[in-house]
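**Q** Just passing along the structure, written as structure tokens.
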Amino acid sequence: MTKTIKAIRGMNDVLPTDISLYQHVETVLAQILFNYGFNEIRTPLIECTHLFKRAIGEDTDIINREMYNFNDRHGEGITLRPEGTAGCVRAGIEHSLFYNQEQRLWYMGPMFRYERPQKGRYRQFYQIGSEVFGLKGPDIDAELIIMTARCWKILGIDNHVQLEINSIGSIETRKNYHHILVNMLEKNIKKLDNDSKRRIYSNPIRILDSKNPSMQALLDDMPSLIDYLDNASREHFTELCRLLDLAGVSYHINQRLVRGLDYYNNTVFEWITNSLGSQGAICAGGRYDYLVKLLGGPDIPAVGCAIGLERLILLVRSVFPLLKTQKVVDIYLISSGQCAKNSMLTFAEYLRNQLPEFKIMNHFGGGNFSAQFARANKLAARLVLALGENEVADHQCTIKDLSNGIQKTVSQYHAAGTLRALLTNTPEKKNKIYD
Ligand code: HAM
């Protein structure tokens, strides 16, 4: 027997049974982004490897072990994008989007990271990201967080997520703190786990968000980065907290939150949930005021975040386990006799012109009327439109409502109006995701 070919580990198909939920969530988020003045940008799935190395930082997990790198036919280093911010900044610089103007950009698409797959962690996953360029105050950080809070509220999951925020200060702040931290860690070198020993000189700040409980206990006795913030960073953070309080967005200040990408400064945040096991971050981001300049653009501040779409869908599903995820067939056309069969195709085209918002399907594959009705029932069709030889001769058709069995014969001229009325007048028949 021929061996079947499977999808690559950690890369998932989204099947028709799930697509309505994806589309619903994507539509809600796109609408909210529009509502806040964001414009969509689409960038390539692959970029030069240098871009990510420079943007994300050489000593990060993403660069060290998670990138899909390959050489093209000319030997140029290419990478499947592990995240969207670097490509967005690259495109903004390349197309001069950042000169003397503020930009609010959003994107959606697959990202690739060679991580160990588990629930909520995949090697191909979708992000919906939003990036704001040219604004440096804490007010835009607050608005971005308020916007994400709105997303959770509209999706009905706001009681299942918590916001964690922190400030990692300016580069200067981190340099000062770096020395203090390395000093303290050196004194405890024997107690460090292997990961932390590896990071102590290359990226000691990342040790702060170690998930190892013994490392966390050790860090409890060490000074916090937040205590070393310079005045400007402290004021930025205090004002952000004040604005979130004012907006009624609750948060927890997590002094260990430093994020896994090196481009951040000052504000960092994550929305986390306890409902998904260890992969609890559904959205994460922060300020990255140095990145545009680092990648060769003007010296402009920026802030952004990205939502992990699969994790968000998992959470929506865990909160609403009875979600309907597939759109039902609204109108199923059946026919009996050659003449009726011939006119079914053209009549369905006419109906699709009149009723483009509904799902309209013809019955193919033969069978008598009762077999065709059985097929309509199996598809959970809402209405059946039957064409028999006599009806076609009289320019009529029969419409049957499968929810109550009521049927009536109407002229073909009035069919579209009758169908629309039946499909829109009864509230339980609306194609809604949430009941
Ligand atoms: P990140 O924290 O690496 O940040 O990813 C953002 C979100 O993508 C995570 O919170 C999570 O929901 C989702 N995610 C990450 N890795 C995986 C994975 N392997 N499987 C499933 N979902 C995953 C960034 O990527 C930044 N570019 C965010 C940002 C935008 N910062 C500023 N602007």
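**Q** By DSSP, what percent of the beta bridges with both residues in the stretch 331-424 are antiparallel, rounded to the nearest 5?
**A** Given both bridge residues lie in the stretch 331-424, the antiparallel proportion sits at roughly 55 percent.
**Q** Go through K6/K341; K3/K211; K136/K175; K3/K327 and tell me which ones have a Cα-Cα distance over 29 Å in this structure.
**A** With Cα atoms farther than 29 Å apart: K6/K341; K3/K211; K3/K327.
**Q** What is the Cα centroid distance between the stretch 60-96 and the stretch 212-244, reported in whole angstrom?
**A** Rounded to whole Å, the Cα centres lie 31 Å apart.
**Q** Given only helices, namely DSSP H runs of n ≥ 4 each adding -39500 (n - 2.57), what is the per-residue ellipticity at 222 nm of the chain, to the nearest 500 deg cm²/dmol?
**A** Rounded to the nearest 500, it is -11500 deg cm²/dmol.
**Q** In addition: Average projected area of the Cα convex hull of the stretch 124-178, in nm²?
**A** 6.2 nm²
**Q** So if the hydrodynamic radius of the stretch 213-347 is defined as the Kirkwood radius over C-alpha pairs, what does Stokes-Einstein give as its diffusion coefficient at 10 °C and 1.306 mPa s, in µm² per second?
**A** 80 µm²/s
**Q** Here's another thing I want to ask about it. Semi-axes of the equivalent ellipsoid of the chain: what are they in whole Å, largest first, if each equals the square root of 5 times a C-alpha gyration tensor eigenvalue?
**A** 54, 23, 21
**Q** I'd like the Karplus ³J(HN,Hα) series for the stretch 230-237: coefficients 6.51, -1.76, 1.60, θ = phi - 60°, whole numbers in Hz, and an x wherever there's a Gly or Pro.
**A** Each residue of the stretch 230-237 in turn: 6, 4, 5, 5, 5, 5, 4, 5 Hz.
**Q** From Cα coordinates alone, what are the radius of gyration and Dmax values for the stretch 1-133 in angstrom?
**A** Radius of gyration, then largest Cα-Cα span, for the stretch 1-133: 17.0, 64 Å.
**Q** I've got another one for you. Near K197, which aspartates and glutamates are there with a Cα under 19 Å away, not counting those fewer than 8 places off in the same chain?
**A** Correct list for K197: E58, D59, D61, E186, D209, D220, D221, D262.
**Q** OK, next. Out of all Cα-Cα pairs in the stretch 281-325, roughly what percent, to the nearest whole number, are more than 12 Å apart?
**A** Of the Cα pairs, 69 percent sit more than 12 Å apart.
**Q** Using the 2.2 N^0.38 Å rule of thumb for compact globular proteins, work out how the stretch 331-424 stacks up: its C-alpha Rg over that value, please.
**A** Here the answer is 0.96, to two decimals.
**Q** For the stretch 73-137, give the percent of accessible area contributed by carbon and sulfur heavy atoms, probe 1.4 Å, rounded to a whole number.
**A** After summing per-atom areas, the C and S share lands at 46 percent.
**Q** All other residues with a Cβ under 13 Å from the Cβ of L225 taken together, and with Lys, Arg as +1 and Asp, Glu as -1, what is their net charge?
**A** +2
**Q** Something else about it: For the full complex of protein chains and a 1.4 angstrom probe, list M108, M1, M11 by accessible area with the highest value first.
**A** The most accessible residue leads, giving M1, M108, M11.
**Q** Now, a different point. For q = 0.18, 0.23 Å⁻¹, what log10 I(q)/I(0) does the stretch 304-375 give under the Debye formula with an equal point scatterer on each alpha carbon and no solvent?
**A** -0.78, -1.01
**Q** Moving to a separate point now. In Å², and per residue, what accessible area does the chain have when probed at 1.4 Å with the other protein chains present?
**A** With the other protein chains kept in place, the chain gives 51 Å² per residue.
**Q** Give, as a single signed number, the net charge of other residues whose beta carbon lies under 12 Å from the beta carbon of K400, with Lys and Arg counted +1 and Asp and Glu -1.
**A** That works out to +1.
The values are calculated or read from the model by the stated rules, or taken from the named source; none is laboratory data. Predicted, not measured: the structure shown is a model, and the values here were computed from it. Methodologically, a virtual Cβ is constructed for each residue, glycine included, from the backbone with ideal geometry; neighbour enumeration extends over all protein chains shown. Please note that ligands, DNA and RNA were not included when accessible areas were found on the heavy atoms of the full protein model with its side chains. Shrake-Rupley method; radii C 1.70, N 1.55, O 1.52, S 1.80 Å.
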